[in-house]
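Let me begin by presenting the structure, written as structure tokens, before commenting on it.
The values are calculated or read from the model by the stated rules, or taken from the named source; none is laboratory data. Everything numeric here is computed off the predicted structure, so don't read it as measured data.
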Amino acid sequence: MDIRNIQGYANFFMTILLVILLYGYIIHLYRSEKKGEKDYEKYANIALDDEIDSTPIESDPSTQAENEEQIK
């Protein structure tokens, strides 16, 4: 078995592995959106709405706690 055959087999198995990982990631995104854990549509809109005064997608819990302490 020469190096060209080994490279061919490695390329084939790597392609199969990457396809499996891609489909697994797509299924993960779909399930987490259906469960209501994350809304990835909001993240997709970042490219369209990137003004300096745009509202943040998610608030930072540490800064939110600091702001609540300052108010009290």
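Can you report the number of residues in segment 10-54 which are at pLDDT 80 or above, in a helix (DSSP H, G or I) and of a type outside the set (A, V, I, L, M, F, W, C)?
Qualifying residue count for the region: 12.
Only one of (1) at pLDDT 75 or above; (2) assigned to a helix (DSSP H, G or I) fails for GLU66. Which number is that?
(1) is the only condition that GLU66 fails.
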